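Attaching a single structure in structure tokens format; questions to follow.
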Amino acid sequence: MEIIADNLSKKFQRDWIFRNLNLHFQTPHSYTIIGPNGSGKSTLLQILAGILPATNGTVTFKDNSQTIPVEKIYQHLSIATPYLELIEEFTLLEAVKFHLEFKPLKDNLTIKEFLEIMKLEKAIKKQIKHFSSGMKQRLKLGLAFYSQTDLILLDEPTSNLDNQGIAWYHQEIEKNTQDRLLILCSNQSYEYEFCENIISISSFK
């Protein structure tokens with residue numbers, strides 16, 4: 001999996017968030033985009049995910065040197081962010097089954113095994129709206145880590161996690177990103193201390 005960002009720029013009203021950004025992301029490497037709050041990290045991640053359009057420039061996805069059509073990119077990526085909404089009326093089981101309509105779990109995991117990994121098996125019949133913020137975050141991260149995709153996009157991955165949850169995050173991210181492309185946005189060093197490529201969004205102002 002490759003992502004090529006070519007002369008990427010984004011402007012909100014009259015303000016440029018970043019300009020002329022040229023980056024090449026490639027499996028099996030990990031990349032962290034750093035910068036202060038409001039610097040454009042999340043905006044860049046949303047453009048890479050196809051959630052927001054760029055003002056200028058292009059983003060190209062390739063698999064084995066073949067360009068992936070825009071309408072099929074979602075099949076190749078998983079994303080977990082603070083602004084990603086879960087369907088609160090669903091029970092945990094319903095939420096996972098709904099997700100599996102679009103992306104299967106990797107390693108032929110059963111739903112039971114998946115819930116045990118997230119330590120949420122006792123909440124299988126509980127509605128998402130009754131989850132704590134930490135439980136919701138573990139669900140988002142678990143779906144990103146264990147979906148059968150080539151690319152994982154994470155923004156502020158330990159938001160709402162306690163110390164036990166952060167330890168779980170470190171265990172799972174190292175286990176699940178060895179042969180995949182990871183792009184992570186953060187300004188907390190403990191979230192990306194394992195990462196080999198650090199990119200400052202401030203370099204593209």
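I'd like the full set of residues that are in contact (Cβ under 8 Å) with a residue 40 or more places away in the chain and surrounded by 15 or more Cβ atoms within 10 Å (Cβ to Cβ), limited to the stretch 37-46.
Restricting attention to the stretch 37-46, the residues satisfying the condition of being in contact (Cβ under 8 Å) with a residue 40 or more places away in the chain are 37, 39-42, 44-45.
Within the stretch 37-46, 39, 40, 41, 42, 44, 45 qualify.
A further question follows. Out of the residues in the stretch 187-204 meeting the condition of being exposed (fewer than 13 other Cβ atoms within 10 Å of the Cβ) and either assigned to a loop (DSSP other than H, G, I, E, B) or of a type in the set (Asp, Glu) (or both), tell me which one is modelled with the lowest pLDDT.
196
Being at pLDDT 95 or above and not aliphatic (A, V, I, L, M) narrows it down to one of 39, 65, 9, so name that one. Break it down into steps so the answer makes sense when it comes.
Values: 39 fails: at pLDDT 95 or above; 65 fails: at pLDDT 95 or above.
Among 39, 65, 9, only 9 is at pLDDT 95 or above and not aliphatic (A, V, I, L, M).
Without any contact (Cβ under 8 Å) to a residue 24 or more places away in the chain, in contact with a helix residue (DSSP H, G or I) (Cβ under 9 Å, 6 or more places away or on another chain) and under 18 Å from residue 185 (Cβ atoms): which single residue out of 79, 51, 34 fits that description?
Numbers: 79 fails: without any contact (Cβ under 8 Å) to a residue 24 or more places away in the chain; 34 fails: without any contact (Cβ under 8 Å) to a residue 24 or more places away in the chain.
Just a single option satisfies the conditions, and that option is 51.
Checking the conditions here, which among 154, 184, 139, 161 is touching a helix residue (DSSP H, G or I) at 6+ places or on another chain (Cβ under 6 Å) and either of a type in the set (Ser, Thr, Tyr) or surrounded by 17 or more Cβ atoms within 10 Å (Cβ to Cβ) (or both)? Walk me through it before giving the result.
Values: 154 fails: touching a helix residue (DSSP H, G or I) at 6+ places or on another chain (Cβ under 6 Å); 184 fails: touching a helix residue (DSSP H, G or I) at 6+ places or on another chain (Cβ under 6 Å); 139 fails: touching a helix residue (DSSP H, G or I) at 6+ places or on another chain (Cβ under 6 Å).
Unique residue meeting the criteria: 161.
Quick check on my filter: what residues within the stretch 69-85 are surrounded by 12 or more Cβ atoms within 10 Å (Cβ to Cβ), among the aliphatic types (A, V, I, L, M) and at pLDDT below 95?
Scanning the stretch 69-85 gives 73, 84.
If you don't mind, there's one more thing I want to ask. Restricted to the stretch 164-181, and to residues that are surrounded by fewer than 19 Cβ atoms within 10 Å (Cβ to Cβ) and of a type in the set (A, V, I, L, M), which residue is nearest to the chain's Cα centre (by Cα)?
Looking at residues that are surrounded by fewer than 19 Cβ atoms within 10 Å (Cβ to Cβ) and of a type in the set (A, V, I, L, M), I get 166.
Exactly one condition in (1) among the polar types (S, T, N, Q); (2) closer than 29 Å to residue 8 by Cβ; (3) touching a Phe, Trp or Tyr at 6+ places or on another chain (Cβ under 9 Å); (4) at pLDDT 95 or above is not met by residue 127; state its number.
(2)
Also, I was wondering about something else. Does any residue of the stretch 96-110 turn out to be β-branched (Val, Ile, Thr), surrounded by 18 or more Cβ atoms within 10 Å (Cβ to Cβ), over 14 Å from the mean Cα position of the chain (by Cα) and over 18 Å from residue 50 (Cα atoms)? Can you show your working first?
We begin by selecting, within the stretch 96-110, every residue β-branched (Val, Ile, Thr); these are 96, 110.
The next check asks that each one be surrounded by 18 or more Cβ atoms within 10 Å (Cβ to Cβ); those that pass are 96.
If we keep only those that are over 14 Å from the mean Cα position of the chain (by Cα) too, we end up with 96.
So of that shortlist, the ones also over 18 Å from residue 50 (Cα atoms) come out as 96.
Yes, some residue in the stretch 96-110 is β-branched (Val, Ile, Thr), surrounded by 18 or more Cβ atoms within 10 Å (Cβ to Cβ), over 14 Å from the mean Cα position of the chain (by Cα) and over 18 Å from residue 50 (Cα atoms).
The values are calculated or read from the model by the stated rules, or taken from the named source; none is laboratory data. None of the values given here were measured: they were computed from a predicted structure. Ideal geometry is used to build each Cβ from the backbone, glycine not excepted, and the neighbour counts take in all protein chains shown.
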